[in-house]
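Below: the structure, in structure tokens.
The values are calculated or read from the model by the stated rules, or taken from the named source; none is laboratory data. This is a predicted model, so every value here is computed, not measured. Ideal geometry is used to build each Cβ from the backbone, glycine not excepted, and the neighbour counts take in all protein chains shown.
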Amino acid sequence: MNKIKMIIVEDDEKWVMALNLFLELEPDFEVTAVAGDYDKAIEICTSTDADIILMDINLSGNELDGIYATAEILCHKDVKVIMLTAMSDREIIQNAYIAGAVNYILKNNYKDIPSIIRSTLKSSTPNEVLAKDYQRLRINELLYPLTTQEKEIFKMFTEGKSKKDVLECLYISDNTLKNHIHSIIRKLESKTIHDAVEKIKRKGFLKKSTCVNQTHKNKISVLARTLIFFRPFNE
């Protein structure tokens, strides 16, 4: 039997122990690793094979760093992340979807965890479809200030093109390219073009210190607010 491999990211040791025991009752489940904080989550989740990551939203205090960890992990690995938490605030859930999570389970609905894990792996759930819409709209919102040519230049950098490649492809001068890069960096509030690319890859969720910027924590895409919000699948 091919087992469903999963990683638990949770700072509450008692909850981890209880969840482990509960999941062990399922013959097709295997918990391959556990991480208790943001740094360990990045290290373990990007280096350990897994089908599912069960991610707590708050890994340290009330900083929502599970959302930042999700965005970071998905830049390096193709894996399905399910948020598993006691928090039910709508804006926080929307941010989790924008970061790349495909589903959301409240801890007091723990009995639904096995069925939701299986349904998430089997096919795209309504929440997963919604999450992709949130992510697309979030990226569009972040790139909205750029001009058409700036977007074209930025897209080439996201594809790994060099400055030389951009110059040769667009037939522009070196000074013109420098001006465009400076404008892109300023509009995306980054230090370098590389930082700007990394920011967009993470849909704006960049955790640069243990203290999450309040503006980033609460900022929700205006466009995303217009979408119909689905309740957690199988809740």
Scan region 7-30 residue by residue and report those that are crowded, with 18+ Cβ neighbours inside 10 Å and under 17 Å from Met83 (Cβ atoms).
Ile7, Ile8, Val9, Glu10, Asp11, Val16, Leu19, Leu23
Need a quick list: strands (runs of 3 or more DSSP E) entirely within region 44-134 having at least 1 residues that are more than 17 Å from Glu30 (Cα to Cα).
80-85, 103-106
Could you grab the pairs with beta carbons closer than 8 Å, sequence gap of 6+ or different chains, first residue in region 89-100 and over 20 Å from Lys199 (Cβ atoms), second one among the hydroxyl-bearing types (Ser, Thr, Tyr)?
Ile93/Tyr104
Quick one: in region 29-64, of everything that is more than 17 Å from the chain's Cα centre (by Cα) and in contact (Cβ under 8 Å) with a residue 60 or more places away in the chain, which residue is farthest from Pro114 (Cα to Cα)?
Ser60
Would you tally the residues in region 68-88 being surrounded by 15 or more Cβ atoms within 10 Å (Cβ to Cβ) and farther than 25 Å from Val197 by Cα?
5
Testing Val166 on (1) within 25 Å of Lys5 (Cα to Cα); (2) buried (at least 16 other Cβ atoms within 10 Å of the Cβ); (3) more than 14 Å from the chain's Cα centre (by Cα), one condition comes back false. Which one is that?
(1)
List the pairs whose first member sits in region 186-207 and is in contact (Cβ under 8 Å) with a residue 24 or more places away in the chain and more than 23 Å from Ser60 (Cβ to Cβ), whose second member is buried (at least 19 other Cβ atoms within 10 Å of the Cβ) and small (Gly, Ala, Ser), and whose Cβ atoms are under 8 Å apart, counting only residues at least 6 apart or on separate chains?
Leu188/Ala196
Conditions (1) touching a helix residue (DSSP H, G or I) at 6+ places or on another chain (Cβ under 8 Å); (2) modelled with pLDDT of 95 or more; (3) farther than 17 Å from Asn95 by Cβ; number of the one not met by Met55:
(3)
